[in-house]
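The values are calculated or read from the model by the stated rules, or taken from the named source; none is laboratory data. On a predicted model such as this, the values are computed, not experimentally measured, just so you know. Cβ atoms come from the backbone with ideal geometry, glycine included; neighbour counts cover every protein chain shown. Areas reflect the complete protein model, heavy atoms only, side chains present, ligands, DNA and RNA absent. Shrake-Rupley method; radii C 1.70, N 1.55, O 1.52, S 1.80 Å.
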Amino acid sequence: MATRIRPSSKRCTVIGGSGFLGRHLVEQLLVRGYLVSVFDIQQSYELPGVTFHLGDLCNKQALLPALQGVSLVFHCASPFPGSDDRSLFQRVNVDGTGAVLEACQEAGVQKLVLTSSASVVFEGTDIKDGKEELPYAKKPIDYYTETKIQQEKLVLQACNEENGFLTVAIRPHGIFGPRDPQLVPILVDTARRGKMKFIIGDGSNLVDFTFVENVVHGLILAAEHLRPKSPLCGRAYHITNDEPVQFWDFMSQVLMGLGYDAPRYHLPYWLVYGLALLLWLLALLLRPVVRLRPTFTPMRVALAGTHHYYSCTRAKQDMGYRPLVGLQEAIVRTVESYPHLRRGA
Ligand SMILES: NC(=O)C1=CN([C@@H]2O[C@H](COP(=O)(O)OP(=O)(O)OC[C@H]3O[C@@H](n4cnc5c(N)ncnc54)[C@H](OP(=O)(O)O)[C@@H]3O)[C@@H](O)[C@H]2O)C=CC1
Ligand SMILES: CC(C)=CCC[C@@H](C)[C@H]1CC[C@H]2C3=C(CC[C@]12C)[C@@]1(C)CCC(=O)C[C@@H]1CC3
């Protein structure tokens, strides 16, 4: 039988630590004196003191060496949300998370902090100051959301104080910041293709965009406040910038900061949503012949045209969460970090 290394409370593993959020988390954990290992399907950087374990999280045997002697695990891995590959989402987010849970318990890990998503309650209609008590979406808007719901349920149900295995889920929304491969690059790509001229709806819809360093702060606070009998055990927490902003205002600030024009013309929400739905159906029908990747998916149109902002009161009360970086400073720092995406660059 393999000998188990005694877990140290400052030794942790970040699953998905090569990704956008995961790497920011790793960097901050090092600053705060943690010993960090990364488990990921790829290695995107090197950092002194960080050990990389490469493998697929669906494979429990591959995970186990990365969890030896570790008391705390952060799970931040997921397939790209824009993918339309249902079986990949099912395999990684659901079956893979099952493997992570088994591996953690087998290796004697004491705490698991999951990065879930506030989208688990989003059905494509307005959410204003949404609390964690909102029910999970009955009709999830895409496969990503469908499997994030199942993933969160699995992780929270696995919390077992008697066995000494504690779990908590952090639900961020609209993460942005330096090195984000999604938000700014998609926005700039759309602008460069001349498609960022239109505002969907009247432009007044409020949304949470959360600076990556605030999400990292929430994840670490969650880990440090997750103790036996604490209110965090088996619960979900929204982490946001606590400054809802008009979706189109935010987009315009980023675009103008990078030298592009802000969108000006309005299109009715339901018209664009209907067209996106038709396009999605067409892409589905044509899939055996050709793989279409429309910019305007129903999910994206819903995200761009409805209110979706969340209360983080529970995180403030139970773990003393406060955003560390305000929205304006976060936008400036993000824009400055993308010199290669400036107009004309
Ligand atoms: N970004 C956002 O706005 C939000 C993100 N979240 C959640 O935060 C988490 C992190 O997101 P983010 O950093 O943006 O995502 P990234 O795609 O940047 O990072 C995820 C990392 O996980 C890796 N990965 C994917 N599949 C596997 C696998 N089977 N085994 C091991 N590693 C794997 C990815 O590798 P590869 O790139 O090669 O696939 C990547 O390195 C996710 O759980 C996401 O659902 C929640 C709310 C909002
Ligand atoms: C608040 C939140 C959950 C944001 C998530 C990030 C992405 C889903 C967005 C980042 C860039 C956005 C974007 C659009 C939709 C939502 C994003 C992909 C559009 C496709 C919406 C329709 C347009 O007019 C173009 C937009 C480009 C940028």
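Quick look at the values:
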quantity: Residue ID - nearest to Phe209 (Cα to Cα), chosen from residues in segment 309-324 that are in contact with an Asp or Glu (Cβ under 7 Å, 6 or more places away or on another chain) and open to solvent by less than 10 Å² (accessible area, probe 1.4 Å); calculated: Tyr310
quantity: Hey, Leu303 open to solvent by 40 Å² or more (accessible area, probe 1.4 Å), farther than 30 Å from Gln328 by Cα and either within 15 Å of ligand 2 (Cβ to nearest atom) or of a type in the set (A, V, I, L, M, F, W, C) (or both) or not; calculated: no
quantity: Failed item in (1) closer than 22 Å to Asp126 by Cα; (2) away from ligand 1 (no atom under 16 Å from the Cβ); (3) open to solvent by less than 70 Å² (accessible area, probe 1.4 Å); (4) in contact (Cβ under 8 Å) with a residue 24 or more places away in the chain, with Asp202 passing the rest; calculated: (3)
quantity: Selection from segment 242-255 of residues that are in contact with a helix residue (DSSP H, G or I) (Cβ under 8 Å, 6 or more places away or on another chain) and more than 11 Å from ligand 2 (Cβ to nearest atom); calculated: Glu243, Gln253
quantity: In segment 205-249, the residues that are surrounded by fewer than 17 Cβ atoms within 10 Å (Cβ to Cβ), farther than 25 Å from Ile186 by Cβ and either touching a Gly at 6+ places or on another chain (Cβ under 9 Å) or of a type in the set (D, E, K, R) (or both); calculated: Glu224, Arg227, Pro228, Lys229
quantity: Test: residue in segment 92-114 that is open to solvent by 30 Å² or more (accessible area, probe 1.4 Å), touching a helix residue (DSSP H, G or I) at 6+ places or on another chain (Cβ under 8 Å) and aliphatic (A, V, I, L, M); calculated: no
quantity: Among the candidates Asp126, Asp95, residue that is more than 23 Å from Ile186 (Cα to Cα) and within 11 Å of ligand 1 (Cβ to nearest atom); calculated: Asp95
quantity: Within segment 51-71, considering residues that are assigned to a loop (DSSP other than H, G, I, E, B) and either within 13 Å of ligand 1 (Cβ to nearest atom) or within 22 Å of the chain's Cα centre (by Cα) (or both), the one nearest to Val94 (Cα to Cα); calculated: Cys58
quantity: Arg193 vs. criteria more than 16 Å from ligand 1 (Cβ to nearest atom), open to solvent by 10 Å² or more (accessible area, probe 1.4 Å) and either more than 21 Å from the chain's Cα centre (by Cα) or modelled with pLDDT under 95 (or both); calculated: yes
quantity: Inter-residue pairs, beta-carbon under 8 Å, first under 14 Å from Met256 (Cβ atoms) and in segment 319-345, second assigned to a loop (DSSP other than H, G, I, E, B) and among the hydroxyl-bearing types (Ser, Thr, Tyr), 6+ apart; calculated: Arg343/Tyr260
quantity: Of residues in segment 176-196 being more than 8 Å from ligand 2 (Cβ to nearest atom) and in a loop (DSSP other than H, G, I, E, B), the one nearest to Phe209 (Cα to Cα); calculated: Gly177
quantity: From the options Ser83, Ser119, residue that is over 22 Å from Tyr237 (Cβ atoms) and either within 16 Å of ligand 2 (Cβ to nearest atom) or in a strand (DSSP E or B) (or both); calculated: Ser83
quantity: Flag if Arg86 is closer than 30 Å to Thr295 by Cβ, modelled with pLDDT under 95 and surrounded by fewer than 17 Cβ atoms within 10 Å (Cβ to Cβ); calculated: yes
quantity: Filter result (surrounded by fewer than 15 Cβ atoms within 10 Å (Cβ to Cβ) and either in contact with a Gly (Cβ under 7 Å, 6 or more places away or on another chain) or assigned to a loop (DSSP other than H, G, I, E, B) (or both)) within segment 333-345; calculated: Ser337, Arg342, Arg343, Gly344, Ala345
